[in-house]
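Please read the structure below before turning to the comments.
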Amino acid sequence: MKKLPLAAVLFSVPLLLPAAQSVTIKGSDTMVILNQRWAENYMASRKDAVIQVTGGGSGTGISALLSGSTDICASSRPMSEKEKAALQAKTGVPPVEIPVAKDGVAIFLNTQNPVKELTLAQIKDIYTGKITDWKDVGGTAGRIILYSRENNSGTYVFFKEHVLNKQDFSPMASNLPGTAGVANAVSKDPKGIGYGGAAYAKGIKYCAVQADDKSPAYLPDEKHILAGTYAASRDLYFYLRGPAQGEVKSFIDWVLSRAGQSVVVSVGYFPLKKAASKIK
Amino acid sequence: MNRSWSERIIEGVIRLSAGLAIASLILIFIFIGKEAVPLFTSAEARAEAGMSKLFLGNRESPDGKRVQVWQPVSEVPKYSLWPLIVGTLKATLVALLFAFPLAIAAAIFTSEFAPPGLREVVKPVIELLAGIPSVVLGFFALIVTATYFQDLFHLDYRLNTWNAGFALGLAVIPIVYTVAEDALTAVPQSFRAGSIALGATPWQTARRVVFPAAFPGIFAAGILGFGRAIGETMIVLMASGNAAILSWNPGYSFRSLSATVAAELGEVVNGSPHYHVLFFIGVLLFAFTFLLNLAGQLWVGRLRRKLTGARS
């Protein structure tokens with residue numbers, strides 16, 4: 001009798017596989033962990049579903065969608081008009097864009113720093129090494145000490161792509177492991193600046209960010225990230241070749257449900273709607 | 001009969017374990033080296049991170065000048081090793097500058113001047129320093145001494161080379177001290193007796209007779225300490241700031257070779273040029289510390305032969 005379960009598994013696997021509805025998600029490396037958590041939680045609630053997640057980058061995901069080798073393309077940037085046109089030319093229907101979560105990066109300053117707000121352009125110049133003194137951005141004179149994440153972090157890549165426009169970080173930037181490390185360093189350094197996800201540490205404050213020098217500055221709080229008015233934030237998307245059907249549809253419905261959106265919070269991103277949020 | 005059998009078995013086991021140690025050393029080198037080989041053989045890896053890019057830098061700026069930058073995650077990845085090599089050497093020099101005088105002075109004190117009772121206390125205590133996990137030293141440097149050094153030298157950068165070098169020095173002291181102390185005590189008592197009999201004071205004896213006689217051993221201690229400092233990872237990962245700056249200024253942060261491997265290998269795309277470069281750094285570090293240790297051991301051997309009078 002003890003051998004039976006093993007035998008049953010061995011024999012049933014080939015029989016079950018074709019019956020299971022396999023959904024593939026390919027694309028953004030930023031979203032890989034999020035996608036995996038979604039897949040794990042979804043598969044735990046539906047025994048017959050199989051969700052396969054691979055990364056490779058948003059661009060890779062979009063070309064996979066174009067070639068039809070993935071069901072869902074995960075992308076941390078909106079598709080360009082050219083890409084949308086290419087997809088429509090191939091399938092005959094416009095691709096479907098579904099925002100699934102929001103991602104934002106907070107800028108940390110020491111509480112002793114008189115600077116309260118910076119424009120996106122100023123932050124970029126600070127981190128690429130063009131602005132090196134606080135007096136150039138309205139602070140007290142003194143060298144700006146840059147704190148950054150290690151280059152294996154998704155936040156590093158987001159910051160580089162979204163804030164630095166893909167330019168290289170200044171070599172003077174110290175790389176610390178983890179947002180907590182950055183927050184701790186800034187809390188001990190009155191001339192420091194850092195960035196990261198939501199982090200709570202004594203001695204640091206969030207810097208309000210202006211999209212440009214004419215627009216108002218917003219703090220990275222839930223309200224402004226969800227409304228899209230906080231400049232250092234972005235939507236994360238799923239793209240489909242056409243309207244969702246079958247297993248893909250039920251997966252995406254679940255992702256957008258309260259259960260799916262609470263996974264977003266647990267991974268460290270922001271949910272689409274305030275209702276699903278549990279963070280304060 | 002029984003006894004000789006058991007002896008033979010024990011001898012075999014000992015021989016086997018010695019052989020295993022050597023074999024694993026060679027295998028480690030082969031396996032690390034294997035992952036670095038594509039930098040020479042694969043066209044893709046060579047185009048992105050060939051030896052010329054690693055050691056001469058990328059041709060980036062419009063005027064065709066080569067830039068020495070470590071930016072492996074970038075539109076155009078840049079893998080110049082010089083910022084890392086300079087950073088590693090800079091920190092090692094600071095560490096040795098701090099550790100050598102202290103360790104060698106302590107070794108001379110315990111071997112020449114300390115009363116026997118005191119020596120029995122001081123030696124084990126200094127050697128206990130070697131038992132402090134480097135992550136603890138790193139954390140201590142990151143949280144406590146960083147602020148202290150910043151205030152002391154009025155530095156802009158809190159995580160600077162003085163700070164990490166100091167913590168590295170704490171890790172190096174016990175090694176230098178132990179080997180140097182052994183070298184000093186290995187100097188035959190007759191040397192000291194002869195010197196004192198000729199009217200030299202204990203200090204003159206220590207400085208002009210014992211120290212020169214033990215010098216090869218002390219030199220070896222230095223080399224071993226150097227090897228330890230260059231390979232140390234956790235302390236520099238935590239306390240250095242990890243900024244790949246090409247500058248010898250000890251007031252700046254730095255990024256060491258070992259910390260680069262530790263920080264980046266965890267998430268690097270398997271089989272990418274970046275991955276192979278990290279293994280190449282591993283080969284460099286391995287070769288470096290291996291050669292240094294080998295040289296150190298040879299010096300110790302020479303000293304031993306010299307002092308036991310096999311050849312002078």
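The values are calculated or read from the model by the stated rules, or taken from the named source; none is laboratory data. Keep in mind the model is a prediction, meaning the values are calculated, not measured. Using ideal geometry, Cβ is built from the backbone for each residue, glycine included, and neighbour counts are taken over all protein chains shown. Keep in mind that these areas ignore ligands, DNA and RNA; they rest on the heavy atoms of the full protein, side chains included. Shrake-Rupley method; radii C 1.70, N 1.55, O 1.52, S 1.80 Å.
For this structure, a couple of remarks:
- When restricted to residues that are part of a loop (DSSP other than H, G, I, E, B) and more than 7 Å from chain B (Cβ to nearest Cβ), region A:141-150 contains 3.
- Criterion applied to B:S240, B:S247 was being under 21 Å from B:F55 (Cα atoms) and small (G, A, S), and the one residue passing it is B:S247.
- The residue of region B:30-82 that is most open to solvent (accessible area, probe 1.4 Å), among those that are in contact with a strand residue (DSSP E or B) (Cβ under 8 Å, 6 or more places away or on another chain) and hydrophobic (A, V, I, L, M, F, W, C), is B:L56.
- Once region A:112-140 is narrowed to residues that are out of contact with any Ser or Thr (no Cβ under 7 Å at 6 or more places or on another chain) and within 12 Å of chain B (Cβ to nearest Cβ), the residue that is farthest from B:K78 (Cα to Cα) is A:D133.
- Taken over region A:121-139, the residue count meeting the criterion of being modelled with pLDDT of 90 or more and open to solvent by 10 Å² or more (accessible area, probe 1.4 Å) is 13.
- For A:A74, the requirement of being free of Cβ contacts under 8 Å to residues at least 24 places away in the same chain, outside the structural domain of A:H162 (by TED's automatic domain parsing), touching a strand residue (DSSP E or B) at 6+ places or on another chain (Cβ under 6 Å) and within 23 Å of A:R234 (Cα to Cα) is not met.
- Residues (part of a helix (DSSP H, G or I) and under 13 Å from B:I173 (Cβ atoms)) located in region B:113-133: B:V122, B:K123, B:V125, B:I126, B:E127, B:L128, B:L129, B:A130, B:G131
- When restricted to residues that are more than 24 Å from A:K160 (Cα to Cα) and open to solvent by less than 50 Å² (accessible area, probe 1.4 Å), region A:73-88 contains 2.
- Considering (1) part of a helix (DSSP H, G or I); (2) away from chain B (no Cβ under 12 Å); (3) modelled with pLDDT of 80 or more, the lone condition that A:T229 does not fulfil carries the number (1).
- Of everything listed in (1) buried (at least 18 other Cβ atoms within 10 Å of the Cβ); (2) within 15 Å of the chain's Cα centre (by Cα), the single unmet condition for A:N113 is (2).
- Evaluation of A:A101 against (1) part of a helix (DSSP H, G or I); (2) within 25 Å of the chain's Cα centre (by Cα); (3) more than 29 Å from B:S240 (Cα to Cα) (one fails), failing number: (1)
- When region A:246-263 is filtered for residues that are among the aliphatic types (A, V, I, L, M), open to solvent by less than 30 Å² (accessible area, probe 1.4 Å) and under 16 Å from A:E97 (Cα atoms), the ones remaining, listed by number, are A:V248, A:I252, A:V255.
- Residues (part of a loop (DSSP other than H, G, I, E, B) and within 16 Å of the chain's Cα centre (by Cα)) located in region A:45-63: A:G55, A:G56, A:G57
- Hey, B:L152 touching a strand residue (DSSP E or B) at 6+ places or on another chain (Cβ under 9 Å) and either of a type in the set (A, V, I, L, M) or within 12 Å of another protein chain (Cβ to nearest Cβ) (or both) or not: no
- Note on region B:36-53: residues that are under 28 Å from the mean Cα position of the chain (by Cα) and farther than 15 Å from B:F279 by Cα total 2.
- Qualifying residue in region A:151-168 (condition: over 19 Å from the mean Cα position of the chain (by Cα) and either open to solvent by less than 60 Å² (accessible area, probe 1.4 Å) or away from chain B (no Cβ under 11 Å) (or both)): yes
- Any hit, region A:87-94, residues being in the same structural domain as A:S215 (by TED's automatic domain parsing) and not in a helix (DSSP H, G or I): no
- Counting only helices (runs of 4 or more DSSP H) that sit completely within region B:192-294, those holding 1 or more residues that are among the small types (G, A, S) and over 30 Å from A:G129 (Cα atoms) correspond to B:211-231.
- From the list B:A130, B:A99, B:A107, the lone residue that is crowded, with 20+ Cβ neighbours inside 10 Å, closer than 27 Å to B:F254 by Cβ and touching a helix residue (DSSP H, G or I) at 6+ places or on another chain (Cβ under 7 Å) is B:A99.
- Criterion: in the same structural domain as B:G241 (by TED's automatic domain parsing), open to solvent by 20 Å² or more (accessible area, probe 1.4 Å), modelled with pLDDT of 90 or more and farther than 30 Å from B:V187 by Cβ - qualifying residue of B:L27, B:L89: B:L89
- Selection status of A:G196, within 18 Å of the chain's Cα centre (by Cα) and either open to solvent by 10 Å² or more (accessible area, probe 1.4 Å) or among the basic types (K, R) (or both): no
- Selected residue (only one of A:E150, A:E97 is touching a residue at least 60 places away in the same chain (Cβ under 8 Å) and of a type outside the set (S, T, Y)): A:E97
- Filter pass, B:A164 being of a type in the set (G, A, S), open to solvent by less than 30 Å² (accessible area, probe 1.4 Å) and in contact with a strand residue (DSSP E or B) (Cβ under 9 Å, 6 or more places away or on another chain): yes
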